Amino acid sequence: MFELTATDRNTRARRGRLKTAHGVIETPAFMPVGTQGSVKAVSPRELRELKAQIILGNTYHLFVRPGLEVIRHFGGLHRFMNWDGPILTDSGGYQIFSLAKLRKITEEGVAFQNHLDGTPAFISPEIAMEIQAALGSDIAMVLDECPPWPCEYDYAARSLEMTTRWAKRCKEISETGFRKPESSDLSAIRNPRSQIVFGIVQGGTFEDLRRASAQAIAAIDFDGYAIGGVSVGEPEPEMMSAVEWSEPHLPENKPRYAMGLGTPPQLLELIARGMDMFDCVLPTRLARNGTAFTAEGTLNLKNAEFTLQTGPIEDGCECEACRNFARGYIRHLIKAEEILGLRLITIHNLHFYLNLMARARRALENGTFSDLRTQFVSGYKTREPLAD
Ligand SMILES: [Zn+2]
């Protein structure tokens, strides 16, 4: 299912290949975020042209709207959104903890009211896996509790123990299968055995808790492992430490996914720390306020300095926006709130992230990853806030 094809001599970086039911993912890989069954402002055809290998769908958002009955009616999320490549779904836990109201967490699961109309709902580890099986994603995530930052040691310790018990329940139901369609409205559309399942390491910003969580989750034997509880507002050094404390306890022969991260230089730093997969809303979210990524850092194209500039967002970029349009024109579109402006910057930003991962993969194959990392990180001058 996952094979390592090269490893870096100087860092923990790896080049790998993950097989899923809808295709192979070459790692390191960036996953564009399709929160509501759509990567904001781009079509599946454009995602293909951008060489996106896998996209992420948010279980919580899709569960709240349009709801599982609608997606099941269309034959699953792939058919509903007309994307035939791999999809990873999160468990919904992160959004329940960050968006939903009136949460009540118990050993059994979490009761909440959705953020749209306050409808009460309940998700347990078993229900989270059933929902993801019904969505038909290629990679499902276990339900975890994602504590906020900062978090007291005692709370983080109790939370990770419950997350470990929840992870065991997720693993068990993913292996034994789900209720029959006639006995439940949460029926799995396809054989859940073709869906692979990733466990999630928690433990906050505490070294011993990260180690304990990584060891406990690894012992459950998942198909892959994610580092959760990062990108929750913590400073960058704490985020890097959380990854460094977890990674040595994860098996070498399984993929590792750093959840919700990060900026372009952070992605190279995380690859150097043994991470293989990433998702982040920054390229699509920042595009919507006119911010474009370049090798030298971000540019806010709303700024007056770009008004008369006839060159592309980034010289040498092969994306559709840079091949066809000038900075000054895109600035005009953004100022005039024309939809094309945010579409063009989104396409450029996704190309930037996806191309950076392609460069990292080539560098790992050629044994030049450290050169790429040093050169890119030192050339990148701006600091973006961590995405949430
Ligand atoms: Zn471009």
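The values are calculated or read from the model by the stated rules, or taken from the named source; none is laboratory data. Keep in mind that this is a model prediction, so the values were computed, not measured. Note: ideal-geometry Cβ built from the backbone for every residue, glycine included; neighbour counts use all protein chains shown.
Residue check: Ala326 meets all listed conditions (1) modelled with pLDDT under 95; (2) farther than 30 Å from Ile139 by Cβ but one, namely (1).
Could you list all residues from the range 289-321 that are within 13 Å of the ligand (Cβ to nearest atom), in a helix (DSSP H, G or I) and surrounded by fewer than 20 Cβ atoms within 10 Å (Cβ to Cβ)? Scanning the range 289-321 gives a single hit, Glu320. Screening the range 89-102 for residues that are outside any helix (DSSP H, G or I) and not charged (D, E, K, R) and picking the one that is nearest to Gly23 (Cα to Cα) gives Thr89. Considering only residues in the range 221-238 that are in contact with a helix residue (DSSP H, G or I) (Cβ under 8 Å, 6 or more places away or on another chain) and touching a residue at least 40 places away in the same chain (Cβ under 8 Å), the one that is nearest to Phe198 (Cα to Cα) turns out to be Phe222.
Reported count of residues in the range 273-285, each being part of a helix (DSSP H, G or I) and more than 14 Å from the ligand (Cβ to nearest atom), is 3.
The combined condition, being surrounded by fewer than 24 Cβ atoms within 10 Å (Cβ to Cβ), polar (S, T, N, Q) and within 16 Å of the ligand (Cβ to nearest atom), is fulfilled by Asn324.
On the stretch given as the range 239-268, residues that are of a type in the set (Asp, Glu) and surrounded by fewer than 20 Cβ atoms within 10 Å (Cβ to Cβ) total 2.
Answer with yes or no whether Gln266 is within 16 Å of the ligand (Cβ to nearest atom), over 24 Å from Ser38 (Cα atoms) and out of contact with any strand residue (DSSP E or B) (no Cβ under 6 Å at 6 or more places or on another chain). No, not satisfied.
Please enumerate the residues belonging to the range 343-377 that are among the β-branched types (Val, Ile, Thr) and within 11 Å of the ligand (Cβ to nearest atom). Ile345, Thr346, Ile347, listed by residue number. Figure legend. Inter-residue proximity from the range 308-320: first residues of a type in the set (D, E, K, R), second residues within 8 Å of the ligand (Cβ to nearest atom) and not in a loop (DSSP other than H, G, I, E, B), beta-carbon distance below 7 Å, spacing 6+ or different chains. Indicated pairs: Glu314/Cys322; Glu320/Ile347. Residues that are at pLDDT below 95, assigned by TED's automatic domain parsing to the domain that holds Gly204 and out of contact with any helix residue (DSSP H, G or I) (no Cβ under 7 Å at 6 or more places or on another chain) are absent from the range 131-146.
Could you please find all residues in the range 1-30 being part of a loop (DSSP other than H, G, I, E, B), in contact with a Leu (Cβ under 8 Å, 6 or more places away or on another chain) and either hydroxyl-bearing (Ser, Thr, Tyr) or exposed (fewer than 15 other Cβ atoms within 10 Å of the Cβ) (or both)?
Within the range 1-30, just Met1 meets the criteria.
Of the residues that make up the range 143-151, is at least one under 21 Å from the mean Cα position of the chain (by Cα), surrounded by 14 or more Cβ atoms within 10 Å (Cβ to Cβ) and assigned to a helix (DSSP H, G or I)? No, the conditions are met nowhere in the range 143-151. When the helices (runs of 4 or more DSSP H) confined to the range 31-88 are screened for residues that are within 23 Å of Ile200 (Cβ to Cβ), touching a residue at least 12 places away in the same chain (Cβ under 8 Å) and in the same structural domain as Ala134 (by TED's automatic domain parsing), those reaching at least 1 such residues are found at 59-64, 68-73, 77-81.
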